[in-house]
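Below: the structure, in structure tokens.
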Amino acid sequence: MKVPENDDPMSLSNHLLASLLEQIQSINNFKGKWVLIKSKLSGLGAQLAEFSEFPASLSNPLAVDLLRSISQTLNEASSLSQKCQSADLAEGKLRTQSDIDAVLAKLDRHIKDSEILIRSGVLQDGGVTVSSKKEAARVESRNLITRLQIGTTESKNSAMDSLLGLLQEDDKNVMIAVAQGVVPVLVRLLDSSSLEIKEKTVAVISRVSSVESSKHVLIAEGLLLLNHLLRVLESGSCFAKEKACIALQALSFSKENARAIGSRGGISSLLEICQAGTPGSQAFAAGVLKILASFDEIKENFIEENAVFVLIGLAASGTALAQENSIGCLCNLVSDDENLKLLIVKEGGIECLKNFWDSSPNPKSLEVAVDFVRQLASSPHIADALIAEDFIPRLESALNCGVLAVRIAAARAVYVLGFNSKTRKEMGECGCTIALIKMLDGKAVEEKEAAAMALSSLLLYTGNRKVFRNDERGIVNAVQLLDPWIQNLDKKYLVSILSELVSSKNCRKQMVAAGACVYLQKLVEMNVEGAKKLLESLGRGKIWGVFARP
């Protein structure tokens, strides 16, 4: 039976279905399979009845295409049923059975596609007046998500292009699509037999991962998504590998996922990309490795893969972002590992660090470099090498940087590097003390504490104490920070600073005038280290002040 082109597709489908159900009654061959077909036709008929409840179904392109496809399958089934009514099978038993199985498979797909279309909500959207950009994005997202689940490979491929374009427009569109349920659909599409669809799916997933509020939805997909992305790292195109690395940066913060990546050969694949990938994929692969290196359980995998040599090579020759991520990864790796620190220095790590520091176009990227200095400086032999390579002036510059995170990292590095009088003197003469006094007056508590830590070390040198005393902000700021109401700030560093100055009569006067005794009394009750001794020193100063050193 030929399908008339101008018929209402809904009426035509219903007519063909009713006719086929009637024909099945007269079939003599493969009765068991036709009973199964009859059951599926009943289910399909119920879905067609649901379609008719939506006035927009005949104007919706997805519904019209599906109804036409259903009509075509029903036509095929009708022709096949006529063949099965005769006593002998003209095309042979095996060929006929194969044709019946093909019809069954098509009916299964139509039922599944119809269910998706009915439940998606796109048929309701046809009667909705779109009154805002947000509503338009919601309707479009829902339509595209539905198209990704039904129809041909070509149709899905086209829908994927449109979806990627929609998501690239605005982060809000990403959040809307995620709310409409795009992520589980994307994960299923990673099983697609079409390489093109699979690669575009990875690109969409990487776009979703770039929006902070949507990352948790990807993480919720767990190991299923992770395993797909790891397979892309092994055998995908350069484009797909780069996008997979972007997505993995969002997934790697989970300890469970980090372990899975380490145990499934992910670190080896990422290091291979760092060596032979495109500049973009190298940077993102190093970004994933930086996150993974922060988990102690994973560090052994890095050692087994000789990661240090690869990372130093990338830190020396990669793009600015690749260098930043490589240095960040090395920084995480060397924590509490003296042997690794020495190996990195031996392989030219300090030279790479210095070159990156001096050539970095973005002040924000200096944070990882400063952190790396702090990690390396905890080893005295390496600290001497850092000083010899003029890292003290670089730290002083970082203390005056306009980026808060860089200033905090620099202050912590100064604290570690000030391990003897010589380095404390050099840092003071370079201007670090003055910069740190200024940081005590910063807005962020983390900045104040980092500055206090560093000053508690630098003020062990006499010359730095003189600089501190001569700065009118120093003592007043330090005393004010003793206030117990200022939380998340370790008071022991401030107590240490003031204890180094208490022998001076003028300093004691400033401390008392600023309210140090009141704060210290409360800190004594809180058992803060050194508070009791400092309070007693201030009390004695009132009596013995005449004998105190000016």
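Sorted by accessible area with a 1.4 angstrom probe, largest first, how do 234, 447 fall?
So, going from the largest accessible area down, we get 234, 447.
Between residue 64 and residue 319, what FRET efficiency follows from the Cβ-Cβ distance if R0 is 51 Å, with the result rounded to 0.05?
Calculated value: 0.55.
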Calculated FRET efficiency, residue 276 and residue 36, Cβ-Cβ r, R0 51 Å, to nearest 0.05? 0.45
For segment 424-535, what is the largest minus smallest coordinate of the Cα atoms on each principal axis, given in angstrom and ordered from greatest to least? 38, 31, 21
Please sort by residue number the GluC sites (Glu not before Pro) in segment 473-537 whose DSSP state is loop and whose Cβ has at most 15 other Cβ atoms within 10 Å. 529
Relative to a virtual label point 7 Å from the Cα of residue 155 in the Cα→beta-carbon direction, which members of segment 29-64 show backbone nitrogen distances below 16 Å? 48, 51, 57-64
Two-decimal Rg/Rh of segment 214-339 from alpha-carbon positions, Kirkwood Rh? 0.94
Distance between Cα centroids, segment 300-349 to segment 222-274: provide it in whole Å. 19
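When 1/r is averaged over all different Cα pairs and the result inverted, which Kirkwood radius in Å belongs to segment 20-62?
Computed over segment 20-62, the radius equals 12.1 Å.
Starting from the Cα coordinates of the chain, work out the convex hull volume and express it per residue in Å³.
Working: hull volume 110.1 nm³, N = 550.
For the chain, the hull spanned by Cα atoms encloses 200 Å³ per residue.
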Calculate the spin-label point distance for residue 419 paired with residue 527, positioning each point 7 Å from the Cα along the beta-carbon direction, and give it in nanometres. 3.1
Leaving out ligands, DNA and RNA but keeping every protein chain, what accessible area does residue 65 have, in Å² rounded to the nearest 10, with a 1.4 Å probe? 90
Calculated from DSSP helices alone, with each H run of at least 4 adding -39500 (n - 2.57) and the total divided by the residues of the chain, [θ]222 nm to the nearest 500 comes to -23500 deg cm²/dmol
Which value in nm describes the separation of the simple spin-label points at residue 488 and residue 49, placed 7 Å from the Cα toward the beta carbon? 6.1
Name the chymotrypsin sites (Phe, Trp or Tyr not before Pro) in segment 393-499 that are in a loop by DSSP and that have at most 10 other C-beta atoms within 10 Å, would you? 485
As an exercise, find the ratio Rg/Rh for segment 9-120 from alpha-carbon atoms, using the Kirkwood inverse-distance average for Rh. 1.00
Mind giving me the FRET efficiency for residue 385 and residue 259? R0 is 30 Å, r the Cβ-Cβ distance, nearest 0.05 is fine. 0.30
Step through the residues of segment 477-492 one at a time and calculate ³J(HN,Hα) from phi using the Karplus curve (6.51 cos²θ - 1.76 cosθ + 1.60, θ = phi - 60°), rounding each to whole Hz and writing x for Gly and Pro. 5, 4, 5, 4, 6, 6, 3, x, 5, 7, 8, 6, 9, 5, 6, 4
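Among the listed pairs 299/491; 112/200; 243/354, give every one whose C-alpha distance is greater than 32 Å.
Exceeds cut-off: 299/491.
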Classify segment 368-441: rounded, prolate or oblate, from the alpha-carbon gyration tensor (a ≥ b ≥ c, eigenvalue square roots; a/c under 1.5 rounded; otherwise prolate if a/b is larger than b/c)? oblate
Identify all aspartates and glutamates with a Cα-Cα distance to residue 38 below 16 Å; exclude those on the same chain that are fewer than 8 residues away in sequence. 22, 76, 99, 101, 108
What whole-number distance in Å separates the alpha-carbon centres of segment 428-471 and segment 52-91? 82
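Pairs of Cα atoms under 8 Å, at least six residues apart: use those to get the relative contact order of segment 1-98, whole percent.
For segment 1-98, the relative contact order is 48 percent.
The values are calculated or read from the model by the stated rules, or taken from the named source; none is laboratory data. Here the structure is a predicted model, which is why all the values come from computation and not from measurement. Cβ coordinates were reconstructed from backbone atoms using ideal geometry, including for glycine residues, and neighbour counts include every protein chain displayed. With ligands, DNA and RNA removed, areas are computed over all heavy atoms of the protein, side chains included. Shrake-Rupley method; radii C 1.70, N 1.55, O 1.52, S 1.80 Å.
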